[in-house]
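Report on the following structure.
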Amino acid sequence: MILRHINYFLAVAKHQSFTRAAESLYVSQPALSQQIKQLEQTLGACLFDRSGRSVKLTDAGEVYARYARKALQDLEEGRRALHDVQTLSRGALRIAITPTFTTYLIGPLIKAFHTSYPNITLSVQEMSQEQMEKQLLDDEFDVGIAFAEVHSADIEVQTLLVETLALVVNNNHPLSQYLTIDLQTLNEQSMVLLSSSFVTREQIERYCRQHDIQPKVMMEANSLSAVIEIVRHTQLSTLLPCNIAHVRDELIAIELAPTLLKRTAVLLQRKGAYRSAATEAFIALAHKVCEEEESG
């Protein structure tokens, strides 16, 4: 059995079609079918049910697919390990982040990392935490920055910082001169919030339920930049991390009293994942930058 057999097998399992799998692999369908037959003969088991309109894995195929995917994942980690340079004179790092960190944390963090390790190639992608966890488990990212509400037991968590969410308004808002507001005042606000697909929205709603308040949600947006622009140009307020307002002169962050709305930012990795020198360096730098962020 050779690596080509495994790649062909997983392609057919993914596309549920020998034709589409062959097209994706740039091989002929007869050649692909022959390779799959050889694999089945070697294993002594039928891996695909070919009786329907689409090709489906048999029970044996389902079992084998789990091990085949893990084998390819391990081989890819081995490839990266071989090319890992401890001096960090070259390398690559794949980072996933949730949207609210884009506005104030990822910029300084990437700047610090690129200044220290200019020859490391970075890939940074913004996504939901649910998608991030899935792709970390699939070894599509080396590290993620998200929140402590982790769903998978196979994800390793390191605390980075505890951030405070505040009422964010523009500098012409009637509350812009306030340093704090009470929950009754918060309950009276007309707001624009991130949509329910964001973890931030879940955290806000949980806080409101805990304190039995229901601010008026007049608008929703599935983009953090859209929420910020709406707050900048209207009298609507929002709830976002204080730091987002601190880096914009036209926005004001007003703390909630007596109970602050806090959440924990964390660094995520797949348990047992290989850590390249670049990954280790990024983790160390992330802790340093976040410590400075909290102390500042």
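Quick note: the coordinates plus some simple rules give every number you see, no bench work behind them. Quick caveat, the model's predicted, so the values are computed rather than measured. Every residue, glycine among them, receives a Cβ derived from its backbone with ideal geometry; neighbour counts consider all protein chains shown.
Here are some notes:
- Applying a length cut-off of 24 Å (Cα extent along the axis) and a mean Kyte-Doolittle floor of 0.0 to the DSSP H helices of the chain leaves 277-295.
- Computed magnitude of the charge dipole of the chain (debye, nearest 20; Cβ of K, R +1, Cβ of D, E -1): 1100
- The stretch 164-261: relative contact order in percent, alpha carbon pairs under 8 Å with at least 6 residues between: 52
- Adding -39500 (n - 2.57) for every DSSP H run of four residues or longer, then dividing by how many residues the chain holds, sets the calculated 222 nm ellipticity at -14000 deg cm²/dmol.
- The label-point distance for R79 and E130, in a model that sets each label 7 Å from Cα toward Cβ, rounds to 3.1 nm.
- Between L179 and T102, the C-beta separation translates, for a Förster distance of 35 Å, into a calculated FRET efficiency of about 0.85.
- Of K37/K134; K14/K70; K70/K134; K70/K111, those spanning more than 26 Å from alpha-carbon to alpha-carbon: K37/K134; K70/K111
- Along the axis of the charge dipole computed for the chain (Cβ charges of +1 for Lys and Arg, -1 for Asp and Glu, origin at the Cα centre), the listed residues L186, A166, V150 are led at the positive end by V150.
- Model label points for A45 and A92, set 7 angstrom from Cα along the Cα-to-Cβ axis, are 3.2 nm apart.
- Approximating the spin labels as points 7 Å out from Cα along Cα→Cβ, the T19-to-T259 distance works out to 6.0 nm.
- Prolate/oblate/rounded call for the stretch 3-83, Cα gyration tensor, a/c under 1.5 rounded: prolate
- FRET efficiency, R232 to V162 (Cβ-Cβ, R0 30 Å, nearest 0.05): 0.65
- Fraction of beta bridges assigned by DSSP in the chain that are antiparallel (%, nearest 5): 55
- Between the stretch 33-111 and the stretch 128-182, the alpha-carbon centres lie 27 Å apart.
- Dipole magnitude of the stretch 10-156, debye to nearest 20 (Cβ charges: Lys/Arg +1, Asp/Glu -1, about Cα centre): 560
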